[in-house]
Amino acid sequence: MKIISIFNNKGGVGKTTSAQNIGAGLATFADQKVLIIDADYQQSNITLAFGIRVTTNQPNIATFILKESTLEETRINYNNSNIDILPASPEIRKYIKKIEASKTFPFNLKQALGKIHNQYDYVVIDCPPAISEFTQMALVASDKYYIPLQAEYFSYEGLRRFAEYIDELKEVAPNLELGGIFATRFNPNTNKRLNKEIIKSVKENLGSKILNTHIRENIALTAAQAKGMHIFEYDKQSNGAKDYYTLTKEIWETINK
């Protein structure tokens with residue numbers, strides 16, 4: 001079982017959209033059994049993107065980590081597919097202190113996933129857009145992390161700060177590896193000069209980690225989520241589907257090479 005996290009500590013860069021459609025791509029085209037974890041409990045966007053509405057006291061990622069619910073009680077299968085979701089909701093905030101106070105923090109999620117390693121081929125974690133308890137647990141549990149980067153100044157600055165955090169995290173997760181960085185909401189023909197310079201600067205500093213695939217602006221990606229669907233189910237001929245197919249293939253190759 002391979003575990004990857006999708007992270008950027010700036011919101012609005014396509015993090016959840018990427019986690020959803022990379023996971024869906026692995027399940028759809030590589031025929032992998034995929035568990036998608038919503039670790040962004042404050043927004044719970046990936047839960048909502050799959051059309052899931054979590055009710056009060058329903059099992060969630062926090063109760064699973066704390067062993068208050070089993071995997072079978074917590075996971076929700078998406079549309080009779082190879083995709084299961086561990087959902088989140090704002091209710092999780094009441095579990096945070098209990099998770100932090102546990103003797104196993106920040107290895108809670110890693111240990112929980114270790115017990116189900118034979119049930120999935122891939123785990124894809126949608127991290128919060130901040131360095132938080134759930135971000136730390138997600139990264140510690142992961143083999144690789146991938147960063148969606150919108151080509152604008154504040155997104156780039158967030159990436160630089162996150163690199164410093166990763167250096168500190170290596171003390172408890174020495175094998176954690178950056179799988180790659182990919183541009184989102186990208187249009188090479190119309191982006192401003194600053195945006196092109198940012199992409200160039202990232203390539204100069206992290207050239208081998210810049211993935212070739214760019215995710216273009218595409219309204220179908222938002223429309224799919226509004227319908228509670230992933231892009232390959234909603235419109236497989238759209239630019240969004242084509243880009244995420246190519247990205248998933250590239251990520252597959254970086255992990256399995």
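Laboratory data are not the source of any read-out in this text; all were calculated from the coordinates shown. Note that this is a predicted model, so its numbers are computed, not measured. When we count neighbours, we look across all protein chains shown, and the Cβ atoms used for this are built from the backbone with ideal geometry, even at glycine.
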- Message: Given bins 10 angstrom wide, list per bin the percent of all Cα-Cα distances in the range 30-88, short to long.
- Response: 25, 57, 18, 1
- Item | Dipole of the range 2-256, positive direction: furthest Cα of GLN58, ASN9, GLN111, with charges on the beta-carbon | ASN9
- Message: Give me the one-decimal nm value for the distance between modelled label points at ILE166 and ALA223, 7 Å along each residue's Cα-to-Cβ direction.
- Response: 3.5 nm
- Task: Report the paramagnetic label zone for ARG53: residues of the range 77-121 whose backbone N is under 20 Å from a point 7 Å from Cα along the Cα-to-Cβ axis.
- Result: 77-80, 85-92
- A chain fully extended from THR70 to MET1 at 0.36 nm per residue, minus the present Cα-Cα distance, gains in nm 23.0 nm
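How much length is gained on full extension from ASN77 to GLU253, taking 0.36 nm per residue of separation minus their Cα-Cα distance? Provide the component values of the computation, followed by the final result.
On the way: separation 176, 0.36 × 176 = 63.36 nm, distance 2.63 nm.
This chain segment gains 60.7 nm when fully extended.
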- Rank-order 20-27, 59-66 by packing density, defined as the average count of other C-beta atoms within 10 Å over each peptide's residues, highest first. 20-27, 59-66
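Just want the ordering: VAL140, VAL124, from fewest to most Cβ atoms lying within 10 Å of their own Cβ.
Ordered from fewest to most neighbouring Cβ atoms within 10 Å, VAL140, VAL124 come out as VAL140, VAL124.
Report the full-extension gain for the segment ILE116 to GLU233: residue separation times 0.36 nm, less the Cα-Cα distance, to one decimal in nm. Walk me through the numbers on the way to the answer.
Working: separation 117, 0.36 × 117 = 42.12 nm, distance 2.74 nm.
Once the chain is fully extended between ILE116 and GLU233, it gains 39.4 nm.
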- Query: Hey, what number do you get for the chain at 222 nm if only DSSP H runs of n ≥ 4 count, each worth -39500 (n - 2.57), divided across all residues, to the nearest 500?
  - Reply: -12500 deg cm²/dmol
- Which pairs break 32 Å Cα to Cα here: LYS94/LYS257; LYS98/LYS242; LYS115/LYS170; LYS67/LYS257? LYS94/LYS257; LYS98/LYS242; LYS67/LYS257
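Can you pull out the trypsin sites (Lys or Arg not before Pro) in the range 64-108 whose DSSP state is coil and whose Cβ has at most 10 other Cβ atoms within 10 Å? All intermediate terms of the calculation are to be shown ahead of the outcome.
On the way: sites: LYS67, ARG75, ARG93, LYS94, LYS97, LYS98, LYS103; in loops: LYS67, ARG75, LYS103.
Listed in order of number, the matching sites are LYS103.
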- What percentages, rounded to whole numbers, describe P(r) for the range 2-256 computed over all alpha carbon pairs with 5 Å bin width beginning at zero? 1, 6, 14, 19, 21, 17, 12, 7, 2, 1, 0
- Message: Can you sort ARG53, ARG185 from fewest to most other Cβ atoms within 10 Å of each residue's own Cβ?
- Response: ARG53, ARG185
- Task: Sort TYR95, TYR145 so the one with the fewest other Cβ atoms within 10 Å of its own Cβ comes first.
- Result: TYR95, TYR145
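Size of the dipole of the chain about the Cα centre, Lys and Arg at +1 and Asp and Glu at -1 on the beta carbon, nothing else charged, in debye to 20?
The dipole of the chain has a size of about 300 debye.
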